[in-house]
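Structure first, then comments.
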Amino acid sequence: MLRVLSPMAAALLFATSLGAAPGNSTPAHRSLPLGSWVKVTDLTTDRSVVVRINDRGPIGRNRIIDLSFGAAKMLAMKGLDRVRLDVLQTPVMAENLGPQ
């Protein structure tokens, strides 16, 4: 399940500056690394959008991702809907080798 955030909620809730503009296509996910690219497909309409994870969430147990109003608008979604997530790319993290 997915929750669509209103433009006002998106501006207030996202931890990074990418969420500040209501038209941005920004998502929140519990465990994917920040900066991951994900294809979100609406299972009802088969429309999809590619977004970059920029925040933590969703809080609700029955949801796997929160989308901004801009991303949901591209999918013609409102409220909760069933979606499929395809992880396209995750950021490469530097290995911490400790003091050198």
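The values are calculated or read from the model by the stated rules, or taken from the named source; none is laboratory data. Worth saying up front: this structure is predicted, and the values here are computed from it rather than measured. Neighbour counts are summed over all protein chains in view; Cβ atoms, including those assigned to glycine, are modelled from backbone coordinates with ideal geometry.
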Just give me the residues in the stretch 37-57 being in a strand (DSSP E or B) and either among the aromatic types (Phe, Trp, Tyr) or over 13 Å from ALA71 (Cβ atoms) (or both), in sequence order. TRP37
Within the stretch 41-92, the residues that are closer than 12 Å to ALA28 by Cα and charged (D, E, K, R) are ARG52, ASP55, ARG56, ARG63, ASP66
Would you confirm whether or not the stretch 48-70 contains a residue that is surrounded by fewer than 16 Cβ atoms within 10 Å (Cβ to Cβ) and modelled with pLDDT under 60? no
For the stretch 59-74, what are the residues that are more than 19 Å from VAL87 (Cα to Cα), basic (Lys, Arg) and part of a loop (DSSP other than H, G, I, E, B)? ARG61
Can you tell me which of LEU34, LEU97, LEU88 is at pLDDT 90 or above, hydrophobic (A, V, I, L, M, F, W, C) and assigned to a loop (DSSP other than H, G, I, E, B)? LEU34
